[in-house]
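Since the structure comes first, as structure tokens, the remarks are kept for the end.
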Amino acid sequence: MTSAPGPGSQRAAIWWRRLAVMTRKEMLQLFRDVPIVAFLVYSFTLAVFITGNGIRSQLHNASLLVHDADHSVSSRELIHRFQAPFFRLEGEIADPQEGLRWLDRGKAMVFLEIPPRFHEQLMTGEPTAVQLLVDTTNSPQGLSAAGYAAQIVERFGQETVQANVGSSEESSQNLPIIVSDHRVWYNQDQNDTWFESISHLLRQITIFAILLPAAALVREKERGTVEQLLVSPLTPFQIMISKVLAMTVVILCATAVSLFGIMQPVFGVPIKGSIVLFFSLTALFVFTTAGMGLAAATLTRNQAQVGMMTLLVVAPMLLLSGLTTPMEVMPAWVRHLMALSPLRYYVEITHGILLKGAGSSTLWDSVLAMALLGGALFGFGMWRFRRQFE
Amino acid sequence: MNALTQTTTSQPLIRVSGLEKQYRQHMAVRGIDLTIRQGEIYGLIGPDGAGKSSLMKVIAGVLSYEAGAVEVFGITVDSEPAAERIKHRLGFLPQGLGLNLYPELSVEENVDFFARLRLVPERDLADRKARLLAITRLDRFRDRPMKHLSGGMKQKLGLICTLIHEPELAILDEPTTGVDPVSRRDFWAILTELVQERRMTALVSTAYMDEASRFHRLSLLSNGRILASGTPSEVQALVPGSAVTFQAAPQLEALARLRKTFTQVEAMGPLIHVFTEETERAAAKQRIADGLGDITAGEVRVDDPDLEDVFVALLLRQGRLKDAGDVLPPSSARLNRDGLAIEAKGLVRDFRSFRAVDRVSFQVKQGEIFGLLGANGAGKTTVIKMLTGILPPTGGEGRVAGADMRKAGGVIKERIGYMSQAFSLYLDLTVVENIRLFAGIYGLDKEETRTRLEWIIRMAGLAGYESDLAGRLPMGVRQRLALGCALVHRPRVLFLDEPTSGVDPLGRRHFWDILSRLARDEGVAILITTHYMSEAEHCDRLALMYAGRVVTEGSPGDMKRHVEQEAGHLFEVIADQPAKAVLELRRAGFAGAALYGTRVHMFCRDPVRDKECACQALASSGVTIQSVTARPLSLEDVFVYKVMALEDQERASVSGDSV
Amino acid sequence: MNLRRIATVASKEWRETVRDRMFFLLAFLLPILWMLVFGYGLVLDVENIPFAVVDRDRSALSRDYLYRFFESRYFSFQGYLQSEDEADAALQTGKIRAAIIVPEKFEERLLAGQPVGIQTLIDGTFPLRTDITKMYVIAINSAFSEERVIDHVSRRSGIARAQAEARVRPIRLEVRYLYNEEVRSTWSMVPAMLMFTLMVSSPLLTALGIVREKETGSIYNIYSSTVTKFEFLAGKLFPYVLISSVNAVVLWVMATLWFGVPFKGNLPFFLAASLVFVLSSTGIGLLVSLMVRTQIAALLITLIVAMVPTILYSGLIVPVSSLSPGSQIQAHLFPGMYYTNIVRGAFLKGVGFEVLWVDVLALAAYAAALRIVGYRFFTKRPRS
């Protein structure tokens, strides 16, 4: 306990050496398991690439079926306006009764019916209506489709009127309308690949960080190796933290590969903020998440149990932490529940640092919350671990 | 069963020729030829890693091989479909303490599972189950989940499960490892009976050399090859010689002198055991006297060599094994021998309603080797776990170096070494990585780590295995690695829970050399459990546990004297029907009669009168006696006598209660 | 094939599973808990988007305009800001996701019949939210514009409001929502959670069960016995198929009775299709168990191959048609997508085998293929 060099500092050196050999042991065990290594590599490279490329969360290519009873210039033009990226024309049918069958079969999501005399009515200024049947088995997508369709139809109507009624001169210049001018920040081009690849990276980190240390701890209990460790001068803290440290090192390396090898060069994901801050907070996230896994591990006796336990926790974490749906749309109680999900803070932090260029001054509350959560989880795990054996 | 009657005895049941098996770069079996006939108990012995397990797995059709031919029941086992065709006729018990059983299932459910998997009719199942559980004395534990059985009980259950469908061929890989002496007798009783009654054939490997005399024929394997094959006496005849046992002081000096002349010198407590190739008794004594020089030996006893001596001699002749020699570097610091190293004060441990340990007290001083003996399930492991602080005691206290291990800090923990019963090193790390890990955990610096690593590799005979994964090692080698790891930091107090289970005789001898020196030279206190009674002779003091209690305590000599006083002198009977002889003797009132290999041991209070009485009893029942000779009492006799007496008592009291 | 041996393996497996109390409990509890959390919590309707306003005009008309945002359930007003800089800062901290900037002379220009540009700053980190925010802003803007224009036209041309309206908005879009008439997120998510839960939990149960046997070494009992590969696999999978099937029924009951999702289809058909699905999802577990030696690896790989693709490629959230062509291929490689079609079809559309036969067939083929692969790769006589 003395500050002078001598027995005290020597003991400290030994303390660190113990931690180092334990961490090394965890890494060796991890890398011995070939399937795990294979999936580690896959998850942080190819999977990030595939997901970044392939997933779009907003409405895209909604399949459209059309029944055009008018076959006029106007009806052609309107149909033509339902186009990529939101809609994709799946086909046209002659019999409107057929439409429902297509929707039933899931071959079309939206069915547009244009009535006879559509063009004529439009030209004569007579009010007309087109009908849209929307499959809302996936409700948000259905709503979006209806929303976009409404915009298309409205704009088509206005333009037709302006063109025909001859008020073209005064058109938009001389009408009291609101011209929408959007500026999308942090992702001007609305690049889906940024969001999706980041999301995927975060998902993988979460799965690895929660699962592997937890399973490794339970395996020690199952095989009896933990007895050997308990009889040794290792403290429970060293036994547990070494698993977290090993996982942290592995994940930081994998994240670096993912970020600098795929996301930045291939998708052009910007790194606007401090890279050091990003990696430090990634380490904190791994610590917190691993703490959650270890806490679960101390509640279970075998790997099958800990597997189910982590699964129980990890699925809500992945789906409700703001990667699938924005946090603010969720019911209040879910938001409160998700205060316990370290991923929720990490999503905020990652988007903040990478896309918004935020620094610690704006992120401090997320960081603090995550650190407190991590400390509490790890502390609980330690307490349970001690109680089990002492 | 028709196939059985059709097969004639002369026809070989198993024919192996030129078998080779390779795991990645490691050659496990390099050209083995073997023929096993129907109705034989065929033994495989050999050092750890000799290729026994691989050979057995190949014959059982659960492992593919690279070259050679294997024919079982006349079917060439060269593909999975071919292997399937032999499986209904065989039973296979893999190595490891009950690893093939299902922990969550009860004893009975495990048996039922194996039987139903083999489509044993329910009525036969009930009969066989009742009979087998009774002989193995597991019937009391029918409903206990397998995970709560002790190591030896698991092993017995494993055997029942393997034999429940009464296979024509039983392949048993070290079935008696970790099984106490009394239970081993049960095991052999079952096996012998099945072989005789059902004309079963058995292929058995073992690390207990005394069991080798039970084999009809055996093969000695080493390094993937067969060194010698034949009946036990044929193999024994390959190395003629004598085993000489005597007392000499100072012992360490005597040992050192003898090692210059003899290759096999072993300390057994106060006694020294030497193997000499001299067959003449007088000449053998003379050679020992020459070797000892000015040290005079006490009472010298010359016997025929054990199979174990022969086995070691054969291996030494092959030049594969180096002499145990001086591998222990001189200790850097002599330790203070004062004070108690281990102290158990009224330790009690309950598991729910079951009392596993009942008021156990003993003390171990520095420099003392203390042996904890007892049948499987007597509570030895639980005592060790309480002393090392892994398990909280229900009552009482355990102290190590004056401290309660449950509250002890790092400094105390650095002084103790522990090796648990189940192999508990990291299977997915290599030998060197495991050693380095424990060196680091105990805070050794780089230089120390390097020297200790070298020492352990040499001490435990791990050279050549350095970069093998621990999980791939043969069981005996694993045990040696675990011991090495327990010793890495030169502990002052050592807890060893069955450290030699599954280790070959050479390894075990070597191991005890080291333990003796650690205790004698460095003053290390050692608490050890073992099922090899020959090893217990090495201990300074012993405690025998039965049903959670310590029933006797004392030095090996004390214990023997005590039994001699109680039961009389020991005689060894060699007869043509040993199993029947035991039964007859017991019926004639020799309660302590028991089978040792193919020989019968019995106690006689009055050497002359009792001997006559015994001989008459045997002769009248048609057993031909070859010889009856007086023998010095061994600890195995003590153990078997004590435990059987206690069991009889218990049975009597149980039946008394029920009346 | 011997039924008694299958029954023996199955009953052993069942007992082991039941004895492991916590595991057994979790196997049933997990789907129920997930259903509750996701059924209530996984809301995909983007509403309550937090936004702020910089109103430089502060006129009656600007308030009238902004009032439409305040009133909308899609937006949640967080307060007025003084400048664009403040809006930037608020966006960066994530306190707001959009900011509406009303320019000076907003009222003046509109009343004069001139167009006004309204600038909206939108946080682009979450593309789904960004798009929907944009859509809602445009919708409110055009509704407001329309009224101003109708007003303007009727005043200027001196025609009735109705007439002006017809001129300004010549085409009405009549939208009919099918299957989920009230467009409730719960109705579309709860049936899909059936798919998610079964898709993720049953492979895990299966993989763990088989690898556990490998890891402890008790698999040698199987190797050395007369149990055929088929009997072993059938018996081994049985308890997990049973647990998963029970879970499917429990989840169905929860969906219909607890969450009140209408079940319009044919129940026997649905249960049969669910069984086929369970057979194919447990098949994934079987496949994983053959690839690995340790339970840790089995856990990790099952999560990676079962959970992640299920979130992404099953149609749970993103319809398969929205995916890129490459990802659509990937989606077809996982059984989740087919079952999503089946659950949503059976619950909301009320269609049955006549429509969903392709999906059922695909699942059956999937289950069969996985078992054939499993059967092929499982050997009772390994190399080491």
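In the range B:127-171, what count of residues is obtained for those that are in a strand (DSSP E or B) and not hydrophobic (A, V, I, L, M, F, W, C)?
1
Mind telling me which of the residues C:ARG63, C:ARG56, C:ARG21 ends up being more than 26 Å from the chain's Cα centre (by Cα) and at pLDDT 90 or above?
C:ARG63
Within the group B:ALA579, B:ALA594, B:ALA588, B:ALA547, which residue is out of contact with any strand residue (DSSP E or B) (no Cβ under 8 Å at 6 or more places or on another chain) and not basic (Lys, Arg)?
Among B:ALA579, B:ALA594, B:ALA588, B:ALA547, only B:ALA588 is out of contact with any strand residue (DSSP E or B) (no Cβ under 8 Å at 6 or more places or on another chain) and not basic (Lys, Arg).
Evaluate the following for B:ARG184: is it closer than 25 Å to C:ILE6 by Cβ and more than 9 Å from every other protein chain (Cβ to nearest Cβ)?
no
Can you tell me which residue among C:LEU30, C:LEU91 is surrounded by 16 or more Cβ atoms within 10 Å (Cβ to Cβ), part of a helix (DSSP H, G or I), away from chain B (no Cβ under 14 Å) and in contact with an Asp or Glu (Cβ under 8 Å, 6 or more places away or on another chain)?
One residue alone meets the criteria, C:LEU91.
Among the candidates C:TYR240, C:TYR223, single out the residue that is at the interface with another protein chain (Cβ under 7 Å from one of its Cβ atoms) and of a type outside the set (Asp, Glu).
After ruling out the rest, the residue left standing is C:TYR223.
Looking at B:LEU570, is it in a strand (DSSP E or B) and over 21 Å from B:MET459 (Cβ atoms)?
Yes.
Among the candidates B:VAL70, B:VAL111, which residue alone is within 23 Å of C:GLY217 (Cβ to Cβ), out of contact with any strand residue (DSSP E or B) (no Cβ under 7 Å at 6 or more places or on another chain) and more than 10 Å from every other protein chain (Cβ to nearest Cβ)?
Every option except B:VAL111 fails the conditions.
Might you check whether a residue that is hydrophobic (A, V, I, L, M, F, W, C), at the interface with chain A (Cβ under 10 Å from one of its Cβ atoms) and outside any loop (DSSP other than H, G, I, E, B) occurs anywhere in the range C:72-85?
no
Working carefully through the options C:PHE263, C:PHE270, find the one that is in a loop (DSSP other than H, G, I, E, B) and away from chain B (no Cβ under 14 Å).
C:PHE263
Is it the case, given these coordinates, that A:VAL226 is more than 12 Å from chain B (Cβ to nearest Cβ) and either part of a helix (DSSP H, G or I) or in contact with a His (Cβ under 9 Å, 6 or more places away or on another chain) (or both)?
no
Among the helices (runs of 4 or more DSSP H) lying completely within the range B:468-547, list those that include at least 3 residues that are within 14 Å of chain A (Cβ to nearest Cβ) and touching a Phe, Trp or Tyr at 6+ places or on another chain (Cβ under 7 Å).
B:475-487
Quick one: in the range B:548-567, which of the residues that are touching a helix residue (DSSP H, G or I) at 6+ places or on another chain (Cβ under 7 Å) and part of a helix (DSSP H, G or I) is nearest to B:GLU266 (Cα to Cα)?
Among them, the one singled out is B:PRO556.
For the range C:100-111, state whether one or more residues are within 28 Å of A:ILE353 (Cα to Cα), of a type outside the set (D, E, K, R), more than 7 Å from every other protein chain (Cβ to nearest Cβ) and in a helix (DSSP H, G or I).
no
Which one is farthest from the other protein chains (Cβ to nearest Cβ) among residues in the range C:168-205 that are surrounded by 21 or more Cβ atoms within 10 Å (Cβ to Cβ) and more than 32 Å from the chain's Cα centre (by Cα)?
Result: C:VAL168.
For B:GLY589, are the conditions met, namely being surrounded by fewer than 17 Cβ atoms within 10 Å (Cβ to Cβ) and either within 25 Å of the chain's Cα centre (by Cα) or of a type in the set (Val, Ile, Thr) (or both)?
Answer is no for this residue.
For A:VAL134, all conditions in the list (1) under 20 Å from C:VAL183 (Cα atoms); (2) more than 7 Å from chain C (Cβ to nearest Cβ); (3) within 30 Å of the chain's Cα centre (by Cα) hold save one; what is the number of the exception?
So A:VAL134 meets the others, but not (2).
Let's see how each residue does on (1) crowded, with 21+ Cβ neighbours inside 10 Å; (2) facing chain A (nearest Cβ under 9 Å); (3) assigned to a helix (DSSP H, G or I); (4) under 22 Å from the mean Cα position of the chain (by Cα):
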site: C:GLY336; (1), (2), (3), (4): yes, no, yes, yes
site: C:TYR339; (1), (2), (3), (4): yes, no, yes, yes
site: C:PHE347; (1), (2), (3), (4): yes, yes, yes, yes
site: C:ALA362; (1), (2), (3), (4): no, no, yes, yes
site: C:ALA369; (1), (2), (3), (4): no, no, yes, no
site: C:TYR375; (1), (2), (3), (4): no, no, yes, no
site: C:PRO382; (1), (2), (3), (4): no, no, no, no
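Hey, does the range B:215-235 have a residue that's of a type in the set (D, E, K, R), at pLDDT 85 or above and under 22 Å from the mean Cα position of the chain (by Cα)?
yes
Please go through (1) crowded, with 18+ Cβ neighbours inside 10 Å; (2) in a strand (DSSP E or B) for B:TRP188 and return the number of the only condition it doesn't satisfy.
Checking B:TRP188 against (1) crowded, with 18+ Cβ neighbours inside 10 Å; (2) in a strand (DSSP E or B), the one that fails is (2).
Just one of C:LEU275, C:LEU208 is of a type in the set (A, V, I, L, M), touching a residue at least 24 places away in the same chain (Cβ under 8 Å), assigned by TED's automatic domain parsing to the domain that holds C:ARG15 and crowded, with 23+ Cβ neighbours inside 10 Å; which is it?
Of the residues listed, the single one that is of a type in the set (A, V, I, L, M), touching a residue at least 24 places away in the same chain (Cβ under 8 Å), assigned by TED's automatic domain parsing to the domain that holds C:ARG15 and crowded, with 23+ Cβ neighbours inside 10 Å is C:LEU208.
So which residues in the range A:231-254 are in a helix (DSSP H, G or I) and either more than 18 Å from A:THR23 (Cβ to Cβ) or free of Cβ contacts under 8 Å to residues at least 40 places away in the same chain (or both), if there are any at all?
The answer is A:VAL231, A:LEU252, A:CYS253.
Condition check ((1) over 30 Å from A:LEU323 (Cβ atoms); (2) in the same structural domain as A:LEU229 (by TED's automatic domain parsing)) across all residues:
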{"site": "A:ILE14", "(1), (2)": "yes, yes"}
{"site": "A:ARG17", "(1), (2)": "yes, yes"}
{"site": "A:THR23", "(1), (2)": "no, yes"}
{"site": "A:VAL37", "(1), (2)": "no, no"}
{"site": "A:VAL48", "(1), (2)": "no, no"}
{"site": "A:ALA69", "(1), (2)": "yes, no"}
{"site": "A:ARG81", "(1), (2)": "yes, no"}
{"site": "A:PHE111", "(1), (2)": "yes, no"}
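Being touching a Lys or Arg at 6+ places or on another chain (Cβ under 9 Å) and crowded, with 24+ Cβ neighbours inside 10 Å narrows it down to one residue among C:LEU323, C:LEU286, C:LEU303, C:LEU299; which is it?
From the options C:LEU323, C:LEU286, C:LEU303, C:LEU299, the qualifying one is C:LEU286.
Can we say C:LEU300 is within 7 Å of chain A (Cβ to nearest Cβ), under 21 Å from C:LYS214 (Cβ atoms) and assigned to a helix (DSSP H, G or I)?
yes
Checking the conditions here, which among B:ALA207, B:ALA243, B:ALA256, B:ALA297 is within 26 Å of B:ASP540 (Cα to Cα) and touching a Pro at 6+ places or on another chain (Cβ under 7 Å)?
Among B:ALA207, B:ALA243, B:ALA256, B:ALA297, only B:ALA243 is within 26 Å of B:ASP540 (Cα to Cα) and touching a Pro at 6+ places or on another chain (Cβ under 7 Å).
The values are calculated or read from the model by the stated rules, or taken from the named source; none is laboratory data. Note that the structure is predicted; figures quoted are calculated from it, not measured. Here the Cβ is made from the backbone with ideal geometry for all residues, glycine too, and neighbour counts use every protein chain on show.
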